[in-house]
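The values are calculated or read from the model by the stated rules, or taken from the named source; none is laboratory data. Not measured: the values here are computed from a predicted model. Every residue, glycine as well, gets a Cβ built from its backbone with ideal geometry; the counts of neighbours run over all protein chains shown.
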Amino acid sequence: MTYPSKVAQMSQDPLTIRSHLDEADIVPLAMALVQITGDLSLLDEIAPHISGPWDYSQQIPAELVSSIRNRLAAELARSDRPPAALADLDPELLQKMLGVAVGGGVSAEYVPLLTEQVGFSNSETWAKPGSPPAKAGMSAIVIGSGVSGVCAAVRLREAGVSCTIFEKNADVGGTWFENRYPGCAVDTPNHFYQFSFAPNNDWPQYFSRRDEIRKYIAKVADWFGIRPMIRFGSEVVSARFDATRDLWVVTVNGPEGETVHEARILVTAVGQLNRPAIPRIPGMENFAGQVVHTADWNETTDPRGKRVGLIGTGASAVQVGPGMVDDVASLHVFQRSGGWVVRSPNALRKVSEGKNWALNSVPFYAGWYRFQLFWGFGDGLYEALRIDPEWHGGSESINALNARLRAAMLRYFERRLEGHPDLLAKVVPDYPPFGKRVLADAGWFDMLLRDHVELVTEPVAEVLPNGIRLADGSVVELDMLVLATGFQASKMLWPMEIVGATGQTIRETWGEDDPRAYLGTTVEGFPNLFVMYGPNTGLGHGGSVTFLAECQMNYIIGCVDMMHAAGATRIDLREGVQGSYNARMDEELKSFVWSHPSVRSWYRNATGRITINQPWRLVDYWEMTRRPDPADYSLGKAAG
């Protein structure tokens, strides 16, 4: 094994190497040094000083920090560099190193997951795709070319399944193509929000803006040869399963008008956050100014110099508010309930030159850095979301860990809003942390403290032509309304008409807003249909949609392989499998914070059932989706 080319180029300049290492996180550097040198004693030296996955969770003595950086710089600068001593880690040693890197708590069950998702080798993963053997008789239609759709196409192509993608937009990206409001950015760290098979070490920011995310998705599509398979400007209207031929017959409205296409497999990759939710406020149609949902922001949307009303205080609101505050004449933020906004020191920071160099050039560093993010934004917080039935610490928390996290979040609120007790009283949520999406502070509190910004908690009564009348009778005069009101998440696959094997539609099966599936992926009565980011697949405690997409595609490819091996043209979920899974899942969900009586969120449908989130750990869902159980399915073959 040789080191990456950038290290070779820098190998004669140890001072430059050392200066770059000063900007890189010390724990991933230490783990890289262990792998390069094989010096396991370093693990025992640093372990007592690491209490968590964040850089601020380590208190490694300064002398030892300097020693690690000096030793690593010397190794990288050697002209006679030997192969890395621990290029391949055995599971037992890897588990020990994983535990050291995040302060403990990594059980053996995580080792295969992290080996797949993070990678601790020095190998190249952006392998140029070849031409895999075609699976005769296997064809697929994928609906959507966002994160899930591109992942689906890459994996299907890799599996030898011919594939056509229909995309209603003009380019790839999905939600990252459609959402273009000021401040639009990812709220999961970029080095985690990426495919394991296509890592990008050149993100310009730790939480990059919308344009960078969309460019990444486009790059993946181009590199893996997906773009020629996409039909842009083509919206799927309906899909009907032809049970005599075991084919999906798909009607598309595109540049050539209405066309009909057929494929053995249908993969829906339209996501949950696709169709905007417009609040039903009396008089909305009478407003004289512009009304725009954040998902519909376009080149004609101009808040400059206007009195703007921002309705909502969720994930898009905490971005669009700070994104436009400098341009507006005034900003009134209408809040129904406050959200837990957490300190996020990297939210607006750019990745330094030295950190970028280390990610690209220091063997194993990127893998260990990604692991820390994976753990910190994944199962590391799982227990904080589970309701302790013996907890007596009050209704504002659900267990001891949740209470400690709430106290830390509250201290941050108090620190950021010091001297503003009235505002503090308005923003502190009345529900336990993680009951709704936790929000990263990318300027939200700074915005609330601006002189021309006002947080309004009085309920909205009606919209007038010139503003909003509140429940107390007062009127806020406005020129523009920005709706940061989320999406119709529970109406999954709407407005498409999807007709199963018996002639029943997906709406008739699910009702208006009660979608159910097995593992969020396959649906009883709908053969050869696979739903990505489907019912109860949301990762409410952490994770990323890229991880979810890879899990689901592992499972889907397993189903396709099972069909192909048997010469089958049809795969049906057996009766009772979906019902049993959903009953078990619903029971589990009762013990999670989203079921807490004080939590009112879009995670629930109109009847109160949680339809968005799953109760499993990342490692659980990964294990469930590694391969399908043949006992869950029946295979068939069309006559003729």
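Quick notes
- Picking from residues in region 332-349 that are outside any loop (DSSP other than H, G, I, E, B) and in contact with a helix residue (DSSP H, G or I) (Cβ under 7 Å, 6 or more places away or on another chain), the one that is surrounded by the fewest Cβ atoms within 10 Å (Cβ to Cβ) is VAL342.
- Residue in region 253-265 that is touching a residue at least 12 places away in the same chain (Cβ under 8 Å) and in contact with a helix residue (DSSP H, G or I) (Cβ under 7 Å, 6 or more places away or on another chain) present: yes
- Of all residues in region 452-511, those satisfying the criterion of being farther than 30 Å from PRO303 by Cα, among the polar types (S, T, N, Q) and in contact (Cβ under 8 Å) with a residue 12 or more places away in the chain are SER490, THR502, GLN504, THR509.
- Sole exception among (1) within 15 Å of GLY149 (Cα to Cα); (2) under 17 Å from the mean Cα position of the chain (by Cα); (3) among the aliphatic types (A, V, I, L, M) for ALA221, by number: (2)
- Members of region 432-458 found to be of a type outside the set (Phe, Trp, Tyr), closer than 20 Å to GLY378 by Cβ and touching a strand residue (DSSP E or B) at 6+ places or on another chain (Cβ under 9 Å), listed by number: PRO433, VAL438, LEU439, ALA440
- Residues within region 542-584 that are under 30 Å from ALA400 (Cβ atoms) and crowded, with 20+ Cβ neighbours inside 10 Å, tallied: 5
- Among the residues of this structure, THR607 counts as one that is farther than 20 Å from SER148 by Cβ, hydroxyl-bearing (Ser, Thr, Tyr), out of contact with any Pro (no Cβ under 7 Å at 6 or more places or on another chain) and modelled with pLDDT under 95.
- Hits in region 492-524 - residues which are closer than 30 Å to PRO182 by Cβ and surrounded by fewer than 20 Cβ atoms within 10 Å (Cβ to Cβ): TRP494, PRO495
- Complete set of residues in region 144-169 that are aliphatic (A, V, I, L, M), more than 18 Å from the chain's Cα centre (by Cα) and more than 12 Å from ARG227 (Cα to Cα): LEU156, ALA159, VAL161
- Residue within region 360-369 that is hydroxyl-bearing (Ser, Thr, Tyr), surrounded by fewer than 20 Cβ atoms within 10 Å (Cβ to Cβ) and within 25 Å of GLN319 (Cβ to Cβ) present: no
- Of the criteria (1) part of a helix (DSSP H, G or I); (2) surrounded by 14 or more Cβ atoms within 10 Å (Cβ to Cβ), which one PRO53 fails: (1)
- Scanning region 533-568 for residues that are within 20 Å of ALA631 (Cβ to Cβ) and not in a helix (DSSP H, G or I) yields GLY567, ALA568.
- In a residue-by-residue description of region 522-539, the property of being farther than 22 Å from GLY149 by Cβ, charged (D, E, K, R) and in contact with a Lys or Arg (Cβ under 7 Å, 6 or more places away or on another chain) applies to no position.
- Close Cβ contacts (under 8 Å, 6 or more residues apart or on different chains) running from residues in region 68-96 that are in contact (Cβ under 8 Å) with a residue 60 or more places away in the chain to residues that are crowded, with 19+ Cβ neighbours inside 10 Å and outside any helix (DSSP H, G or I) comprise LEU72/VAL362; LEU76/TYR3; LEU76/VAL362; ARG81/TYR3; ALA84/ASN122; ALA84/PRO363; ALA84/PHE364; ALA87/ASN122.
- Answer from VAL249, VAL237 - the residue that is part of a strand (DSSP E or B), within 21 Å of THR521 (Cα to Cα) and either touching a Lys or Arg at 6+ places or on another chain (Cβ under 7 Å) or not assigned by TED's automatic domain parsing to the domain that holds GLY503 (or both): VAL249
- Note on region 439-449: residues that are surrounded by 15 or more Cβ atoms within 10 Å (Cβ to Cβ) and not in a strand (DSSP E or B) amount to 7.
- Residue identified as hydrophobic (A, V, I, L, M, F, W, C), more than 20 Å from HIS191 (Cβ to Cβ) and crowded, with 17+ Cβ neighbours inside 10 Å among VAL111, VAL106, VAL102, VAL27: VAL111
- Test: residue in region 522-532 that is assigned to a helix (DSSP H, G or I), more than 23 Å from PHE197 (Cβ to Cβ) and modelled with pLDDT of 95 or more: no
Quick grid of which residues meet (1) modelled with pLDDT of 85 or more; (2) of a type outside the set (Ser, Thr, Tyr); (3) under 24 Å from ARG626 (Cα atoms):
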position	(1), (2), (3)
ARG69	yes, yes, no
GLU92	yes, yes, yes
GLU109	yes, yes, yes
GLY119	no, yes, yes
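- Verdict on THR611 being within 27 Å of the chain's Cα centre (by Cα) and crowded, with 20+ Cβ neighbours inside 10 Å: yes
- Tally, over region 1-29, of residues that are part of a loop (DSSP other than H, G, I, E, B), modelled with pLDDT under 85 and under 34 Å from the mean Cα position of the chain (by Cα): 4
So that you can scan it fast, the table gives a plain yes or no per residue for (1) charged (D, E, K, R); (2) surrounded by 20 or more Cβ atoms within 10 Å (Cβ to Cβ); (3) assigned by TED's automatic domain parsing to the domain that holds VAL292; (4) modelled with pLDDT of 95 or more:
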position	(1), (2), (3), (4)
GLU158	yes, no, no, no
THR164	no, no, no, yes
ALA170	no, no, no, yes
VAL186	no, yes, no, no
PHE192	no, yes, no, no
PHE195	no, yes, no, yes
PRO199	no, no, no, no
